[in-house]
Each structure stands twice: as structure tokens, then as C-alpha cells.
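Novice: My questions will all concern the structure given below.
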Amino acid sequence: MSKITAAITAIGGYVPDYVLTNEILETMVDTNDEWITTRTGIKERRILKEEGKGTSYLAIKAAQDLFEKSNTNPKDIDLVIMATATPDMPVAVTGVYVATEIGAVNAFSFDLIGACSSFLYGMSVAARYIESGKYKKVLLIGADKMSSIIDYEDRTTCIIFGDGGGAVLFEPNEDGYGVQDEFLRSDGIGRESLKIDAGGSILPPSAETVANKQHYVFQDGKTVFKFAVSNMADVSEKIMVRNGLSGNDVNWLVPHQANKRIIDATAKRMDLPEEKVMMNIQKYGNTTSATLPLCLVDYENQLKKGDNLVFASFGGGFTWGAIYVKWAYDPE
Ligand code: UT7
């Protein structure tokens, strides 16, 4: 019997309508389009404005887009993995609500929290469930409402993040397509560099934590940047060497969209020209768990069966890694 690999067989995505441009941010904090563009590559991001809607809304929309495009019956889904850094609420699992709302009534579900690497780690988990032979359809959703944890008076973070969701279906493949190899890492050295101080078990919410703005994202950008540049490039190079891939053999880099300069450094180390690098940071900013699937959505019609894709991410924790995937289908 041939080995089962986990192939990506369908994708979907969603971003909210509201566009927060650099020009609008100029009216909110002391910043300018030129600084944001040259330091990050971002021009605009999408924000979920409607009150009462959380990450699950983005996730549901992304999954519904996938179902419509692929004629997948939600009842056939075995497992929904909800990758996110901004669950709807503590304790009640966001993925469970999403699974029920999308009609995945025969699935079980859990949230996977890995900061900006949530989706990449989720790919690893989804692949193992498929490779086990026990599960036939695993839906991995990456979604974040980053605007819910951003201080729009802090120019060091509010220019970076945006809201969005993406969904990917994994199915068994016996012809060798799908996830080939992975190299995942983490290091607690990053705990203080990218975090939200309050609202967790160490510092529960209080009037004081709210007054001190401790429920918003804090980032020591310089430190995170330094670790991101070297580590994302390292793992991407490592996965290529281990699989005998040169820059010529890799068709696409699918990088986490945190900063164009981090992506460029990774592509350079991999010896990849710009045309082989998926990039939509200019439109969406950093959507955390949604960056990788939203790249796939934007580039889907250029992907061919057999293409070699290297996914790479770096995020809070620190968490990072690279996954090598053989693309399983041609454009429509
Ligand atoms: O996805 C999760 C992982 N996160 C990342 O990978 C993010 C990694 N870090 C970064 O992308 C970058 O560090 C940032 C984009 C966050 C910042 O860029 P930078 O080139 O590292 O800027 P910096 O923090 O070194 O700041 C340079 C200057 C400072 O002024 P002084 O001290 O030189 O006078 C900042 O105060 O730019 C100033 N600055 C700004 N100026 C205009 C910081 N934010 C802004 C701003 N507009 N929005």
C-alpha cells in the first residue's frame, strides 16, 4: 500500500470590507505613509468594524468560501482545527462554535494557539491526522481579529496588524502530493518581546490593567525583527537542503506576512527571485493566523499540480518553522 500524504485540496478566504489605509492612520497617530511603506511594505489593512462580531465571523466566512468554491459538504468534515491568537472568548472553544455554524456536524474541533505560527503549526497537526489514515477531511482555519487587541494610539503596533481569515482542506493522497517535510521550532526567550501583559492567569483583568492599557499587544519590534530575519531564513534553507531543493526547484515561497523586509531576507537566503514569493502584506498587513491561507487564495490561479511550495512563519513565543508541500491540483 502506498504511503498516505496530506494534500491541500481546497482553499477559501475572507477579509472584512473596511479598508484602513496609511493615510487614515496618519490622522490617528504620529506616522506617515512613507515610513510605513519603507519599513514594513504595508499600504492598507482590513478591519472588522461591526460590533459583536469576533474571530469566529472571519473563520465562518472563510470556510463558507471554501465550501462554495469546492462543493465540499460540511457534513463530511471530520475535524476543524481553529488556528488563532484571538479566540472569541476565553474557555469556550472558538473552533467548536465555528464548526457548528458551518454545518460540520460530524466533526470535532479545537483551537490551536501559536501566535503568528498558529496556521503553520496547524498544518503540521492536520497532516498527522490525515497521515494516520483515520481522518479523511481535516479543515484548518486560520483567522484573527487583531483589531480587538491593538491600541490605535500606539504607532509601533497599530500600523502593522489587520483582520482576516483563511481556510484550507486537507485530504489523503496516495500519489505523493501534499505535505512532504517540516521543520518546526520554538523558544521561550521571546516571551517578553511580543505579548499581552494582562487578561491571562498571571495578571487577570482589573480596573488597573485596563487603565494601564495592558490588554493590548506590546511588541519590542527591533528584537522580534532580528530573530525573525535569521530564524525564518534558517528553517527555510534547512528544509530545502534536507529535501535536495535548490532555488530553481522551489516554485513558491509562502511566507508569513509580518514585514516585507523579513520576507525579502528569507527569499534571498533561498535564492528565490521576487516572482516566486507570495506577497499581499501591502493589502492586508499582518493578519497573524490568516496570512498563509490568504496568500494561497490570492495566488491560487497561478499554482500548478506538482509545484514545490515552502511555507514559513515566525511569531510570538517565539514560534517559527517551515513546511514543504507539493501542490495537488491545477487551476480551474
Ligand atoms: O508577526 C509577528 C512577528 N512580528 C514581526 O515579525 C515584526 C518584526 N518587527 C518589525 O517588523 C519592525 O521592527 C517594525 C516594523 C515593528 C519597526 O520597524 P523598525 O525599522 O524596527 O523601527 P524601530 O522600531 O527601530 O523604530 C525606528 C524609529 C524610532 O524612532 P527613533 O527612536 O529612531 O527616533 C521609532 O520611534 O521609527 C519610529 N517609529 C515610527 N515612526 C513613524 C516607530 N513606529 C513608527 C511609525 N511611524 N509607525
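No lab work stands behind these numbers, since they all come straight from the coordinates. Treat the numbers as computed from the prediction; the structure is a model and nothing was measured. Positions of Cβ are backbone-derived with ideal geometry, glycine not excepted, and every protein chain shown enters the neighbour counts.
Novice: Kirkwood Rh over Cα pairs of the chain into Stokes-Einstein at 20 °C, 1.002 mPa s: D in µm²/s?
Specialist: Here the translational diffusion coefficient equals 108 µm²/s.
Novice: Something else about it: Provide the net charge surrounding Ala99, with neighbours chosen by a C-beta distance below 14 Å and charges set as Lys +1, Arg +1, Asp -1, Glu -1.
Specialist: Value of the local net charge: -3.
Novice: Tell me, what is the Rg over Rh of the stretch 137-181, with Rh the Kirkwood radius over Cα pairs?
Specialist: 1.27
Novice: Taking only the Cα atoms of the stretch 85-169, how large is their convex hull per residue, in Å³? Please list the in-between numbers first.
Specialist: Values: hull volume 8.5 nm³, N = 85.
Expressed per residue, the convex hull around the Cα atoms of the stretch 85-169 is 100 Å³.
Novice: May I ask you to work out the translational diffusion coefficient for the stretch 85-226 at 37 °C, viscosity 0.692 mPa s, via Stokes-Einstein with Rh from the Kirkwood sum over Cα pairs, reported in whole µm²/s?
Specialist: On the way: Rh = 17.5 Å.
Once the numbers are plugged in, D ends up at 188 µm²/s.
Novice: Tell me, what ³J(HN,Hα) does each residue in the stretch 126-140 have, in order and in whole Hz, if you take phi through Karplus 6.51 cos²θ - 1.76 cosθ + 1.60 with θ = phi - 60° and put x for Gly and Pro?
Specialist: 4, 4, 5, 4, 5, 4, 5, x, 8, 10, 9, 9, 10, 9, 9
Novice: If you plug each phi of the stretch 250-256 into the Karplus form 6.51 cos²θ - 1.76 cosθ + 1.60 with θ = phi - 60°, what whole-Hz ³J(HN,Hα) values come out, in order, with x for Gly and Pro?
Specialist: Result, rounded to whole Hz: 7, 8, 8, 9, 10, x, 4.
Novice: If you count, for each residue, the other Cβ atoms within 10 Å and average over each peptide, how do 291-300, 207-216 line up from highest to lowest?
Specialist: Ranked by mean Cβ neighbours within 10 Å, highest first: 291-300, 207-216.
Novice: Plugging the Kirkwood radius over Cα pairs into Stokes-Einstein for the stretch 223-332, at a temperature of 20 °C and a viscosity of 1.002 mPa s, what D comes out in µm²/s?
Specialist: 155 µm²/s
Novice: Note down the relative contact order for the stretch 29-128 as a percent, whole number, built from C-alpha pairs under 8 angstrom at least six residues apart.
Specialist: This gives 25 percent for the stretch 29-128.
Novice: Would you work out the charge dipole size for the chain about its Cα centre, treating the Cβ of every Lys and Arg as +1 and the Cβ of every Asp and Glu as -1, and quote it to the nearest 20 debye?
Specialist: Working: 33 positive and 44 negative charges, 131 e Å.
Charge dipole of the chain: 640 debye, to the nearest 20.
Novice: Moving on to the next point. Tell me, what is the percent relative contact order of the stretch 5-176, built from C-alpha pairs under 8 Å that lie six or more residues apart?
Specialist: Contact order relative to length: 34 percent.
Novice: Applying 1/(1 + (r/R0)^6) with R0 = 35 Å to the Cβ-Cβ distance of Lys134 and Asn243, what FRET efficiency is obtained, to the nearest 0.05?
Specialist: 0.85
Novice: State, as an integer percentage, the relative contact order of the stretch 180-326 based on alpha-carbon contacts under 8 Å between residues 6 or more apart.
Specialist: Values: 231 pairs, mean separation 53.0, N = 147.
The normalised contact order for the stretch 180-326 reaches 36 percent.
Novice: Here's something else I'd like to know. Past 26 Å, Cα to Cα: identify those pairs from Lys49/Lys213; Lys61/Lys226; Lys137/Lys268, in the order given.
Specialist: With Cα atoms farther than 26 Å apart: Lys61/Lys226; Lys137/Lys268.
Novice: Full-extension gain between Ser2 and Lys75, please, as 0.36 nm times their residue separation minus the C-alpha to C-alpha distance.
Specialist: So the chain would gain 23.5 nm between Ser2 and Lys75.
Novice: In whole Hz, with x marking every Gly and Pro, tabulate ³J(HN,Hα) for the stretch 26-36 from phi via Karplus 6.51 cos²θ - 1.76 cosθ + 1.60, θ = phi - 60°.
Specialist: Here the 3J(HN,Hα) series is 4, 8, 9, 9, 7, 8, 8, 4, 5, 4, 5 Hz.
Novice: Same structure again: Under the rule of -39500 (n - 2.57) per DSSP H run of 4 or more residues, summed and divided by the residues of the chain, what mean residue ellipticity at 222 nm is obtained, to the nearest 500 deg cm²/dmol?
Specialist: Per the formula, -9000 deg cm²/dmol.
Novice: Quick check: the distance between the Cα centres of the stretch 221-281 and the stretch 148-173, to the nearest angstrom?
Specialist: 19 Å
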